[in-house]
Amino acid sequence: MMREQVISTSLSIQKAGQAKHFQIKLPKNTKHIIGIELGGRWLAPTKNTSVIPPKEIIKVRFAESGLKFKRDLLIGELKLQSCEEANIFYSGHLQIDNNAAYCDFSGNTYWTATAFTHQSSSFEERVVVDGRSTILHGIYKDRYGENNPAVNYLLNVYVWIEIIEPNTNKR
């Protein structure tokens, strides 16, 4: 019997431009890697630092330009690789969408917000990689620190896998 499962890995990023190397151990009964999802969360500032929220940096940078659409803010880049034939099978980035409120119709009495418009629902990015490898190697590089030397956030990497469960029904 096949079943989906998620493996969650969290990395603490506390230095500007920090590069983290990490490993994700896969269960032995993994058949395929079927998706990757990224998420993040800002943490409280550490001692003697003050983290400038990304929205404040964007306000200052684009205040004078008069642009209606704002550039998305790149937080960091991730690469995952398998030691098998797939090698580097995923390359993605964590970013903040600075145009999420553009054309916000929530003030209209006839329109109601839904999960896909205001609750940032997301789906994993689909990948199909053979599960013969038992360890994935990852590299994450902070890019947010290029504009703000005081960083403190948590990166979450979710690896969706399909596993084979042994048949326990005896007939």
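The values are calculated or read from the model by the stated rules, or taken from the named source; none is laboratory data. Computed from a predicted structure; not experimentally measured. Cβ atoms come from the backbone with ideal geometry, glycine included; neighbour counts cover every protein chain shown. Just so you know, the surface numbers come from the protein's heavy atoms only, side chains and all, with ligands and any DNA or RNA stripped out. Shrake-Rupley method; radii C 1.70, N 1.55, O 1.52, S 1.80 Å.
Numbers below:
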item: Pairs, first closer than 23 Å to ILE13 by Cβ and at pLDDT 75 or above in the stretch 121-139, second of a type outside the set (Lys, Arg) and open to solvent by 70 Å² or more (accessible area, probe 1.4 Å), C-beta under 6 Å, six or more apart; result: ILE135/GLN23; HIS137/GLN23; ILE139/HIS21
item: Residues of the stretch 8-30 that turn out to be in a strand (DSSP E or B), more than 25 Å from ILE75 (Cβ to Cβ) and either open to solvent by 40 Å² or more (accessible area, probe 1.4 Å) or without any contact (Cβ under 8 Å) to a residue 24 or more places away in the chain (or both), as a count; result: 1
item: Any hit, the stretch 130-141, residues being open to solvent by less than 70 Å² (accessible area, probe 1.4 Å), part of a loop (DSSP other than H, G, I, E, B) and out of contact with any His (no Cβ under 7 Å at 6 or more places or on another chain); result: yes
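This table checks each residue for (1) modelled with pLDDT of 90 or more; (2) open to solvent by 60 Å² or more (accessible area, probe 1.4 Å); (3) at positive phi.
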position	(1), (2), (3)
HIS32	no, no, no
GLU37	yes, no, no
PHE62	no, no, no
LYS70	no, yes, no
ILE88	no, yes, no
ASN99	no, no, no
